[in-house]
Amino acid sequence: MPSSSNQPAVLFTAFEPSGDDHAAAVITVLRKICPDLTIYGWGGKKMEAAGAQVIEFTGDDAVMGVPGLKKIKEHKRINASIEQWLVDHKIIVHIPVDSPAANFPVCKLTKAAGSKVVHMVAPQLWAWAPWRIRKLRRLTDHVMCVLPFEEEWFKARRVDATFIGHQLFDEPLDTALLDDQIKDWARGKQNIALMPGSRPGEMRKNFPLLLGAYIKLANEHPEMRGLVAATRKEIEPELRKIAREAILDWPESLEMTHSNTDAVIRWCDLAIVVSGTVTLQIAKQKRPMVIVYKLPKLLWTLIAQWLIQTKFITLPNLIAGREITPELVPHFGGSEPIADRVVELLEDQDAFAKQVQELEDIGKVFESENASHNAAKIIARYVGVDVVDLD
């Protein structure tokens with residue numbers, strides 16, 4: 001049904017599982033502070049469970065980088081659907097969540113329809129394509145930043161912005177629950193977590209590298225145990241298929257689990273991880289890590305290296321402003337350099353302890369903020385509801 005003129009409505013658009021997570025947490029708070037607010041969404045099951053009326057489910061096959069023709073056609077269809085939907089639904093605030101390539105066309109539609117646009121998770125223009133700031137300026141009223149250096153960067157370019165914190169740090173971990181979950185998990189002298197990401201493309205590129213590194217490590221350290229953290233159950237057979245296609249034998253000491261990343265981090269001594277938000281999840285538990293991301297060398301040489309504006313690419317190093325975790329990004333080689341960086345950390349107690357301390361310092365950057373509460377208050381302000389305190 002169309003929103004009535006006296007019933008305020010907002011729209012969340014999220015096109016990745018991580019966006020579904022971010023939006024759901026904020027929607028939960030909004031439902032408490034603005035009980036009469038109608039919340040619509042293009043997003044996932046978590047947004048629906050939090051109280052949004054999801055018009056269409058999105059994000060199960062999210063891609064990173066340049067999308068294929070099929071994905072481009074799908075987003076064009078979604079944009080047309082949203083444009084038609086906006087004819088009968090007046091939205092006060094549109095909250096695009098991450099995924100700027102997918103969300104910018106939607107912002108153009110909602111702006112044209114008279115909506116305020118409040119970005120949640122700032123587009124990473126500081127890392128690549130800073131010239132797109134003019135486009136962002138046209139298509140936003142406010143940017144909610146999850147990294148501490150972003151607010152100053154956007155404000156210096158005349159974009160209203162606020163550092164809200166990061167939702168990964170909003171709630172303390174239930175360590176007793178995690179310890180109970182992992183109490184029967186096999187352990188070795190060294191326990192290594194493999195975190196291959198969630199996007200199909202990045203798993204295909206990177207998991208053979210992670211698995212190859214673990215095979216080399218396990219051959220040299222027979223008392224080592226490994227655990228692959230699949231983000232969803234349906235990913236497990238895909239990862240085993242990737243291993244078979246790469247002609248890599250699955251070691252007996254390596255197991256796999258799904259949908260319990262925090263437990264895997266709690267269990268491990270060190271993680272080999274594909275670059276992404278999960279690196280902050282690992283940092284929260286102060287577990288040392290080696291970060292990897294494979295790119296085609298030709299793509300990097302001809303295009304990517306000219307677009308990237310930052311000295312570092314991975315989140316812990318960006319926040320620290322220096323390399324505190326080994327960063328093999330972009331990585332063009334095989335598994336051996338990855339295994340070598342792991343061995344360096346395992347054999348150098350001072351380097352291991354130093355990284356633990358550096359990761360603890362990163363956590364302190366976020367501990368004074370509650371991202372979900374801060375985001376909900378900003379959205380409520382644009383709706384016309386002034387919320388002073390949520391404690």
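Pairs are defined by a Cβ separation below 6 Å, a sequence spacing of at least 6 or placement on different chains, a first member in the stretch 134-156 that is free of Cβ contacts under 8 Å to residues at least 60 places away in the same chain, and a second member that is among the small types (Gly, Ala, Ser); the pairs so defined are 143/122; 143/161; 145/122; 145/161; 150/122; 151/161; 154/161; 155/161.
Listed here are the residues, each with its yes/no results for (1) surrounded by fewer than 14 Cβ atoms within 10 Å (Cβ to Cβ); (2) under 24 Å from the mean Cα position of the chain (by Cα); (3) among the hydroxyl-bearing types (Ser, Thr, Tyr); (4) at pLDDT 95 or above.
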residue: 326; (1), (2), (3), (4): no, yes, no, yes
residue: 335; (1), (2), (3), (4): no, no, yes, yes
residue: 344; (1), (2), (3), (4): yes, no, no, yes
residue: 352; (1), (2), (3), (4): no, no, no, yes
residue: 359; (1), (2), (3), (4): no, yes, no, yes
residue: 373; (1), (2), (3), (4): no, yes, no, yes
residue: 384; (1), (2), (3), (4): yes, no, no, no
residue: 387; (1), (2), (3), (4): no, no, no, no
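Does the stretch 293-302 contain at least one residue that is touching a His at 6+ places or on another chain (Cβ under 6 Å) and modelled with pLDDT of 95 or more? There is no residue in the stretch 293-302 that is touching a His at 6+ places or on another chain (Cβ under 6 Å) and modelled with pLDDT of 95 or more. When 59, 65, 41 are screened for being modelled with pLDDT of 95 or more and either assigned to a loop (DSSP other than H, G, I, E, B) or under 24 Å from residue 381 (Cα atoms) (or both), only 41 passes.
Scanning the stretch 234-249 for residues that are touching a residue at least 24 places away in the same chain (Cβ under 8 Å) and surrounded by 13 or more Cβ atoms within 10 Å (Cβ to Cβ), which turns out nearest to the chain's Cα centre (by Cα)?
First pass over the stretch 234-249, keeping only residues touching a residue at least 24 places away in the same chain (Cβ under 8 Å): 235, 238-239, 242-243, 246, 248-249.
Of the ones still in play, those that are also surrounded by 13 or more Cβ atoms within 10 Å (Cβ to Cβ) are 235, 238-239, 242-243, 246, 248.
Working: 235: 17, 238: 21, 239: 20, 242: 23, 243: 25, 246: 27, 248: 28 Å.
Selected residue: 235.
Does the stretch 148-163 contain at least one residue that is among the acidic types (Asp, Glu), touching a strand residue (DSSP E or B) at 6+ places or on another chain (Cβ under 6 Å) and not in a helix (DSSP H, G or I)? Yes, the conditions are met somewhere in the stretch 148-163.
Residues in the stretch 172-216 that are over 17 Å from the mean Cα position of the chain (by Cα) and of a type in the set (Asp, Glu): 174, 179, 180, 184. Taken together, the residues in the stretch 116-140 that are touching an Asp or Glu at 6+ places or on another chain (Cβ under 7 Å) and either assigned to a loop (DSSP other than H, G, I, E, B) or not assigned by TED's automatic domain parsing to the domain that holds residue 156 (or both) amount to 3. Checking each residue in the stretch 68-77 for being closer than 16 Å to residue 110 by Cα and within 22 Å of the chain's Cα centre (by Cα) picks out only 75.
Residue-level analysis places residue 96 outside the set of residues that are touching a helix residue (DSSP H, G or I) at 6+ places or on another chain (Cβ under 9 Å) and either surrounded by fewer than 18 Cβ atoms within 10 Å (Cβ to Cβ) or part of a helix (DSSP H, G or I) (or both).
Tell me whether the stretch 57-78 contains one or more residues that are free of Cβ contacts under 8 Å to residues at least 24 places away in the same chain and crowded, with 18+ Cβ neighbours inside 10 Å. Explain how you work it out, then say what you get.
Pass one, the stretch 57-78, residues free of Cβ contacts under 8 Å to residues at least 24 places away in the same chain: 57, 66, 68-74, 76-77.
Of the ones still in play, those that are also crowded, with 18+ Cβ neighbours inside 10 Å are none.
Within the stretch 57-78, none of the residues are free of Cβ contacts under 8 Å to residues at least 24 places away in the same chain and crowded, with 18+ Cβ neighbours inside 10 Å.
Within the stretch 358-391, take every residue that is without any contact (Cβ under 8 Å) to a residue 12 or more places away in the chain and part of a helix (DSSP H, G or I) and give me the one that is nearest to residue 317 (Cα to Cα). Ranking the candidates gives 364 first.
The values are calculated or read from the model by the stated rules, or taken from the named source; none is laboratory data. Being a predicted model, the structure only gives us computed values, none of them experimental. With ideal geometry, Cβ positions are generated from the backbone for all residues, glycine too; neighbour counts draw on all protein chains shown.
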